[in-house]
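Following: one structure in structure tokens, then a few remarks.
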Amino acid sequence: MLRAQESLLMEILTTIAALCFLMFVAYRGFSVILFAPLAALFAVAWVSPHHILPFFSGIYMEKLVGFLKPYFPVFLLGAIFGKLIEISGFAKSITAKVVGILGKNNAMLAVVAVCALLTYGGVSLFVAAFAVYPFASELFKASDIPRRLIPGTIALGSFTFTMDALPGSPQIQNIIPTTFFHTNTWAAPKLGLFGALVVLTAGMSYLSYQRRKAASAGEGYGADPESPANASAATGLDGSLPSPWLALLPLLLVGILNRVFTGALPAMYPQSFDFAKLGIAQTAALDTSKLVAIWAVEGALLVGILTVVVSAYRSVAPRFAASANIAVAGAMLAAINTASEYGFGGIIAALPGFRTISEFMSHAFTNPLISLAVTTTGLAGITGSASGGMSIALATLGQTYLTRATEMGIPPEVLHRVASMASGGMDTLPHNGAVITLLAVTGLTHKQSYKDIFAMTLIKTAAVFLVIGFYYLTHLY
């Protein structure tokens, strides 16, 4: 009995050690592509050394390739779209207009607003990073705000309140709970709006403080990097800038058409596509229900790319080849980084120590809302994925939470909103795929900018418990 307990303790410590090691190397600037499999396989080796090769091929590589299969085109199109927004002069045009309207003191708010517009409109969080960075870079440069604050600002606009707090958000983190609690994406709108207001207010207060602190120290924008993710040929333009309204058109089209395609594509395709009916018997039927949302984003991005090319042909054509090559390199780096994290999470979730940790967190609190929040955000942090952590939590304990909540008179809509917001809490630890992608896109390191992203993580995590408190005080949802 004692030996079994010691073995279980070691398995738990090994799981935690693998997570801490990966966070450490990511923060130190080492490639997650290299160290994610090493960290995961170290944990496997400690439990059962002869399982290393099967776990590597059967779980890690399957998860890595499984992520790239549907999502790499989104990374690629998003990178090209963002690069074209930059070289066309559209980013500078929008920057000039925003500075003229809001003034330099509101540059951060402008970036947050653009991110929120895109992500609440249905644009992927990864795509938003590619699309907004050129705009944010120009705006921060015009306002002489340190470039290292860009990731934290984009994170506030993209990874927080529009992702899972605002009712009706089309992001996956707001869709997953509908399956388990039989709700819809507009669940608990009052709680969602309250949580969004808390996150936005606290996040902007933090960023404004950091800006004032940098200004007092005489720190300005700094130098732009030269990296595969964001380097380009000269981004300056000769002559007058394009119309800001024309520059906004591609961004608006991506958001609007993503919504349109999301509604139209399910009607065009059945739940599955049978290749055998076309005489292609060797290809299995395709489950289109899981792909239409991705197809919608890809279609919207293609239209956005074509819009930029047509409307700014003279500016884009001379630099298209070189810029496209850079965008492809950046997309490949960002996608493989994220896929490596996905593989890491798959192995960790399969280990006995992880299952013990998840069960402990779920039973540590008797209140179903607090237990749901702690379990979901904890698993999201361990796996480095908001959707992954929430899926594990709800798949294993969703019915238990629903039963407990029903006995206490708590509506399932409240469970939905708490689970959704909690998934976007501690998920953005240093090894999170979106964080790594954002830093790669901006050409910054964890050491330079992760502190500000982590501040958003803490704010978002605290907001979940404030939402729970607000519900018990007011019983509004």
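The values are calculated or read from the model by the stated rules, or taken from the named source; none is laboratory data. Not measured: the values here are computed from a predicted model. Ideal geometry is used to build each Cβ from the backbone, glycine not excepted, and the neighbour counts take in all protein chains shown. Accessible surface is based on the protein model in full, side chains and every heavy atom, while ligands, DNA and RNA are left aside. Shrake-Rupley method; radii C 1.70, N 1.55, O 1.52, S 1.80 Å.
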### Query
For the range 274-316, what % of the accessible area comes from carbon and sulfur atoms, probe 1.4 Å?
64 percent
### Task
Take the alpha carbon atoms of the range 75-146, find their center, do the same for the range 38-57, and report the distance between the two centers in whole angstrom.
42 Å
## Note on the structure
So N184 and S272, fully extended at 0.36 nm per residue minus their Cα-Cα distance, gain in nm 29.4 nm
### Message
Run the numbers for Q399 and H51: contour at 0.36 nm per residue of separation, minus the present Cα-Cα distance, in nm.
### Response
122.0 nm
### Query
Given labels modelled 7 Å from the Cα in the Cβ direction, how far is it in nm from N325 to L306?
2.7 nm
### Query
What accessible area per residue, rounded to a whole number of Å², is obtained for the chain using a probe radius of 1.4 Å?
42 Å²
### Task
Would you list the membrane-span-like helices of the chain, meaning whole DSSP H runs whose alpha-carbon atoms span at least 27 Å along their axis and whose mean Kyte-Doolittle value is at least 1.6?
292-311
### Query
Accessible surface of L476 in the full protein assembly, 1.4 angstrom probe, to the nearest 10 Å²?
80 Å²
### Message
What whole-number distance in Å separates the alpha-carbon centres of the range 174-223 and the range 405-430?
### Response
16 Å
